[in-house]
Amino acid sequence: QVHVVESGGGLVQPGGSLRLSCAASGFTLGFYAIGWFRQAPGKEREGVSCTSSTYGGGTYYTDSVKGRFTISRDNAKNTVYLQMNSLKPEDTAVYYCARGRDSGVCSGRLEYDYWGQGTQVTVSS
């Protein structure tokens, strides 16, 4: 059974930090790209970050989080992390992780086949 499950969300003050986890099961993490997405109420879902180890590997960050967020993986734990620092109210959203299809690389063309249930991140004073 293939699953990805997010955890680590919560309430944090502006300038604070959170680390989100995406625990993968039913597949070997190293063969797949994993993306982080977020969706705020009334807004479209946007890609936040992505990591892959196939075809030379690579990472992606949307411009609004560059320098503040870091994506990483622990292959022994089959888990991908999103370290979020210097959080802003604009970062408030439900965050999802998802598995890329067909051993793809992080790009705007990559499709995702399995999605987690989401974890809420709220940045507020």
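Annotations for the structure displayed:
- Inter-probe distance in nm under a simple model that places probes 7 Å from Cα toward Cβ, at ARG45 and PHE31: 2.4 nm
- Along its first, second and third principal axes, ordered by size, the range 75-125 spans 42, 28, 20 Å in Cα coordinates.
- Simple spin-label estimate for ALA76 and ARG101 in nanometres, 7 Å along Cα-Cβ: 3.5 nm
- Accessible area per residue, Å², the chain with all protein chains present, probe 1.4 Å: 53 Å²
- Exposure rank, largest accessible area first [ARG45, ARG109, ARG99; 1.4 Å]: ARG109, ARG45, ARG99
The values are calculated or read from the model by the stated rules, or taken from the named source; none is laboratory data. Quantities reported herein were computed from a predicted structural model and do not represent experimental measurements. Here Cβ is always computed from backbone atoms with ideal geometry, including for glycine, and neighbour counts include all displayed protein chains. Areas reflect the complete protein model, heavy atoms only, side chains present, ligands, DNA and RNA absent. Shrake-Rupley method; radii C 1.70, N 1.55, O 1.52, S 1.80 Å.
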